[in-house]
1. Mind checking which of TYR107, GLY46, SER153 is farthest towards the positive end of the chain's charge dipole, using Cβ charges of +1 (Lys, Arg) and -1 (Asp, Glu) about the Cα centre?
2. Size of the dipole of the chain about the Cα centre, Lys and Arg at +1 and Asp and Glu at -1 on the beta carbon, nothing else charged, in debye to 20?
3. With Rg and the Kirkwood Rh both taken from Cα atoms, where does Rg over Rh land for region 90-198?
4. Please state the shape class of region 3-195: rounded when a/c is under 1.5, otherwise prolate if a/b exceeds b/c and oblate if not, all from the C-alpha gyration tensor.
5. Report relative contact order for region 3-195 in percent, whole number only (criteria: Cα-Cα under 8 Å, sequence separation at least 6).
6. Highest mean first, how do 84-90, 191-197 rank when packing is the count of other Cβ atoms within 10 Å averaged over residues?
7. Which residue, ASN62, LEU33, ALA84, has the largest displacement toward the positive end of the dipole of the chain when charges sit on each Cβ (Lys, Arg +1; Asp, Glu -1)?
8. Taking the Cβ of HIS36 as the centre, find all other residues whose Cβ is under 13 Å away and add up their charges (Lys, Arg: +1; Asp, Glu: -1).
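What follows is calculated from the coordinates using simple rules that are stated; it is not laboratory data. Just so you know, these numbers come straight off a predicted model, no measurement behind them. Reconstructed Cβ throughout: ideal geometry from the backbone, glycine too, with neighbour counts over all protein chains shown.
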Amino acid sequence: MENKQLNTITSYAKEHGVPIMKEEGMRFLLAYLKEHPEINKILEVGTAIGYSAIQMAGVRDNIYVDTIEIVEDNVKLARDNIAAYGLSDRIHVYHMDAMEYQTFQYYDFYFIDAAKSQYAHYLEHFLPTSYVGSVFLFDNLNFHGIVDDESKSHNRSTLQMTRKIKKFRDKIQKDPRFETTFYPEIGDGILIAKRILE
Ligand code: SAM
C-alpha cells in the first residue's frame, strides 16, 4: 500500500520525530503476512500514528489489527489516519500502557514495536493470549548497530537499553518455547519467534 496518503504519514513522522518502522523492515513484515494467509488477527504493541497498522491491514481484507499506544496525541493522529483509509472497522487503537492490556482474544501474530527495553516483559504479558503456532515479530534488535558495537554510542541510557535488547535477543533464541529466526541484516534487526510449546 504505497500512495499519497501514506507519504503524508511518513512525512509527518519524519518532521515530528515520530519513530516508525523503516522501509526495509516494513517490506519484510508485509511479505511475511502475505506468505501466511492463515494470519487474520494481529496485535500490535506501539501504534505511533498508525503507519504500520494501516500497512498490515492493507495486506488482506480479512486482517484485523488491535493496536496499543500510550501517547494520547499519537492515538488521536492514528485514529484520524486509520479513518482516512476507511479502516476503522478493522483497526482498533487502544489508548493505554501495553502492560495493562487484558483480553480473552487470541492473536495469530504479534508485532512488538514499543519500548525496546521492555520486550521481555511484553512477551510474557502477551504469551497467554497466544497459542502454539502464534508468531511474534520484534523490530530494532540491533538498535542502529549499537547492540553489537557499544562504541557507536556514548549515551548511558541508550547503552542500558541496548544491553537489555542484547539480553533479550540472546535469551529468546535459547528459549525452548519458541522457534526463532533472527534477521540481523533486515531493517534494524528483526526477530521472528514462533510459539512451539504449550
Ligand atoms: N509501529 C509503529 C509504526 O511502525 O508505524 C511505530 C511504533 S514506535 C517505534 C513505538 C511506539 O510505542 C511509540 O509511539 C510509543 O509512544 C509507544 N509506546 C512506548 N511504550 C509503550 C507502552 N508501554 N504501551 C503502549 N505504547 C507504548
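1. SER153
2. Details: 23 positive and 29 negative charges, 78 e Å.
Rounded to the nearest 20 debye, it is 380 debye.
3. Numbers: Rg = 14.4 Å, Rh = 14.7 Å.
The Rg/Rh ratio comes out at 0.98.
4. Details: a/c = 1.56, a/b = 1.19, b/c = 1.31.
Taking the square roots of the gyration eigenvalues as a ≥ b ≥ c, region 3-195 is oblate.
5. Taking the mean separation of contacting Cα pairs over the length of region 3-195, I get 19 percent.
6. Working: 84-90: 14.6, 191-197: 16.9.
Per-residue mean Cβ counts within 10 Å order the peptides as 191-197, 84-90.
7. LEU33
8. Details: positive: LYS34, LYS41, ARG60, LYS194; negative: GLU35, GLU38, ASP108.
Counting the neighbours of HIS36, the net charge comes to +1.
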